[in-house]
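In what follows, a single structure is set out as structure tokens and then discussed.
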Amino acid sequence: MQEYREFLAKTLIDETALQNRIRELAEEINHDYAGQDLMLICILRGGVVFMVDLMRHIRVPHVMDCMAISSYGVGARASNGNVRVTYDLQNNIAGRNVLIVEDIVDSGHTISHVLEMLSTRNPKSLKVCVLLDKKERREVPVPVAYCGFEIPNAYVFGYGLDIDEYYRNLPFIGIVDLEKYKGNTE
Ligand code: 5GP
């Protein structure tokens, strides 16, 4: 895999800004769900790093579960609206306060599909928490209750978000210079 510094156009959100904002989001969640019980649902794989850091600041009693969605065709960098659940929840969500934790909302197709599906399972409440929102790219409206950052229309990576499955481990969010990125040749 190519060294990321060769295609990093710029750092969009650094580690300090990410961690500060995540602490603020957790405080909003602590406030809104005070005295209640919560179920966090991580959307794999992009939401993992965000979810783990977020939940360490959540003081409301909570359980977690995961769900995997495939929405992009192989090699594509834009959602085609063709959303599929590839790994479903292991828990029953009926009667529970459910908070979906996702890395990024782009067209909105993925979250919209997840919301539609989970709402049929009768949760007590169902909300969305996203780290990044590319608002100008929205094709379907989605209610976002908690949003870390609104970002411009660019392909970003790091902090859970991949470039061909690599670099999810980076502690910051960077913009990919697609002209300099050679693709994964592994
Ligand atoms: P949507 O269905 O809203 O168009 O797309 C949401 C999904 O697309 C996200 O969960 C994420 O996996 C992927 N995605 C959208 N924009 C980006 C991006 O800039 N970088 C990366 N790595 N993934 C993205």
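Based on DSSP H segments of at least four residues, each scored -39500 (n - 2.57), the chain has a per-residue ellipticity at 222 nm of -6000 deg cm²/dmol. Mind jotting down the distance between the C-alpha centroids of segment 155-186 and segment 12-30, whole Å? Computed from Cα coordinates, the inter-centre distance equals 21 Å.
Remark: relative contact order (the chain) = 26 percent; criterion is Cα-Cα distance under 8 angstrom and separation of 6 or more residues.
Taking the chain as a Gaussian network of alpha-carbon nodes connected by springs under 10 Å, the highest mean-square fluctuation of the residues Gly174, Gly35, Gly158 belongs to Gly35.
From the square roots a ≥ b ≥ c of the eigenvalues of the alpha-carbon gyration tensor of segment 14-156, which class results: rounded (a/c under 1.5), prolate (a/b over b/c), or oblate?
oblate
Please work out, to two decimal places, the log10 of the ratio I(q)/I(0) at q = 0.14, 0.22 Å⁻¹ from a Debye calculation in which every Cα of segment 91-160 carries one identical scatterer. Treating every Cα as an identical point scatterer, log10 I(q)/I(0) equals -0.44, -0.93.
Every number here is computed from the coordinates shown, using simple stated rules; none is lab data. Treat the numbers as computed from the prediction; the structure is a model and nothing was measured.
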